[in-house]
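No value in this document is a laboratory result; all are computed from the given coordinates. All values derive from a computational prediction rather than experimental measurement. Ideal geometry is used to build each Cβ from the backbone, glycine not excepted, and the neighbour counts take in all protein chains shown.
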Amino acid sequence: MPKIVHYRDDCIGCHACIDCASDNWEMSDEDGKSNLKRSVCKKDKFIADISDVEVEKNVEAARNCPVNIIRVLDDDGKEIWE
Ligand code: SF4
């Protein structure tokens, strides 16, 4: 199953990920950073399983993130960068 990894600490709250994939991303009312929906926190990152149909929009989100803190990984944990 593909995964998204979000290194949230460095998020600058620019909204680009939400513009690309609002099903997976939302802004936090608390600190102005984005939240990866349905994710679990592991140490310094948030991780969420996604379906194959969600990959394309989230690769777009990763490409548009100005601080490069979004990774989209395939079943083998390899980064997808189309
Ligand atoms: S695109 Fe990157 S910096 Fe901008 S809100 Fe999303 S995760 Fe944060």
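A few points about this structure:
- P(r) of the chain over all Cα-Cα pairs, binned every 10 Å from zero, in whole percent: 21, 59, 19, 1
- Which of Glu30, Glu60 has the fewest Cβ neighbours within 10 Å, and the rest in rising order: Glu30, Glu60
- Each helix, a run of at least 4 DSSP H residues, gives -39500 (n - 2.57); summed and divided by the residues of the chain, these come to -4500 deg cm²/dmol at 222 nm.
- Applied to the stretch 34-48, the Karplus parametrisation 6.51 cos²θ - 1.76 cosθ + 1.60 on θ = phi - 60° returns per-residue 3J(HN,Hα) values of 8, 10, 7, 5, 6, 9, 10, 8, 10, 6, 9, 9, 10, 10, 9 Hz, with x for Gly and Pro.
- Candidate aspartates and glutamates for bridging to Lys57, where Cα separation is under 15 Å - those fewer than 8 sequence places away on the same chain excluded: Asp19, Asp23, Glu26, Asp49, Asp74, Glu79, Glu82
- Modelled spin-label separation between Glu26 and Asp49, with each label point placed 7 Å from Cα along the Cα-to-Cβ direction: 2.1 nm.
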